[in-house]
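See below for the structure under consideration.
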Amino acid sequence: MLNPLQSVRFDELSVAVPDLIRYPTIRTLAERVQQQTLNAITSPMLYDPNHISRSARILDSLYQTPIADASILVAITHERHPKLLLTRRAAHMNTHAGEVSCVGGKHDVGDGNNVVTALREACEETALPPNKVQLLGQLPIQVSKSGMSVRPIVALIAPDLLLVPELGEISRIFWADFETLLTQPTVEYSIEYTLQDQTETLLTPSWQVDGETVWGLTGRVIASLLETGFDRQLDWYYRIQGSRL
């Protein structure tokens, strides 16, 4: 559970400033994600850079965003060769057992916004302190196979943080090399899927990362991140084996 000393205070969160990021890959990503985040602002007053700082505008945009059913933290290490934080869910979980995911989970009434949900869940699952996170912004909503709306929150973390899996939820913490994700082709993955008492073989793109298969919603979030930050277009499909569609 989240330690009270690590409780999330939205007004105390920090936002990464692209001009202060020395590594080109991360700086480009920060600029693009933040621009997309700012484009969602509806208040004309907040478009004026002379009114408040860019960091405050990012926080305002994140705060104004409607609350999703769940939020995940897309955490990227702040270093020359960045890595993306991934986990494998415990095998005994009721939903998504054994699947690869970003840290995160369902919104609690006391959270107040998507960012707090993502940071609270990240802390509970991996002991990631919220005050060690620098926010970049957010990605478009994704919808899980159970119909839940999921908001990805993108952030930077230090590469040397000690993370510990909460074994009640997470069986493993591992990392994806970010620049490999930018260039590596996806691999078609097949999985048995039951719908209305009929079992079909579903084909979909995936990445192979450190012996794990990254697909589904997590794969779609990564594809969205790469498209937003670097214009990498990926055809993320779901096709029943033997179907021409």
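The values are calculated or read from the model by the stated rules, or taken from the named source; none is laboratory data. Please read all numbers here as calculations on a predicted model, not as lab measurements. Please note: Cβ atoms are built from the backbone with ideal geometry, for glycine as well, and neighbour counts cover all protein chains shown. For accessibility, only protein heavy atoms count, side chains too; no ligands or nucleic acids. Shrake-Rupley method; radii C 1.70, N 1.55, O 1.52, S 1.80 Å.
Remarks
- Per the listing ASP235, ASP231, the residue uniquely within 28 Å of SER71 (Cβ to Cβ), loosely packed, with under 10 Cβ neighbours inside 10 Å and under 18 Å from the mean Cα position of the chain (by Cα) is ASP231.
- LEU182 being in contact (Cβ under 8 Å) with a residue 40 or more places away in the chain, open to solvent by 30 Å² or more (accessible area, probe 1.4 Å) and farther than 23 Å from ARG27 by Cβ: no
- The combined condition, being over 19 Å from THR117 (Cβ atoms), surrounded by 19 or more Cβ atoms within 10 Å (Cβ to Cβ) and under 18 Å from the mean Cα position of the chain (by Cα), is not fulfilled by ILE170.
- Residue list for the stretch 115-150, filter: assigned to a helix (DSSP H, G or I), open to solvent by 30 Å² or more (accessible area, probe 1.4 Å) and of a type outside the set (D, E, K, R): ASN131
- Options LEU156, LEU203; residue that is surrounded by 13 or more Cβ atoms within 10 Å (Cβ to Cβ) and under 21 Å from the mean Cα position of the chain (by Cα): LEU156
- Cβ-Cβ distances below 7 Å connect the following pairs, each with a first residue in the stretch 137-157 that is at positive phi, a second residue that is not in a strand (DSSP E or B), and a separation of six or more residues or different chains: GLY137/VAL33; GLY137/GLN34; GLY137/GLN36; GLY137/THR37; GLY137/ILE58.
- Cross-chain or 6+ apart pairs with Cβ under 9 Å, the stretch 221-239 first and over 21 Å from ALA75 (Cβ atoms), then in a loop (DSSP other than H, G, I, E, B) and acidic (Asp, Glu): none
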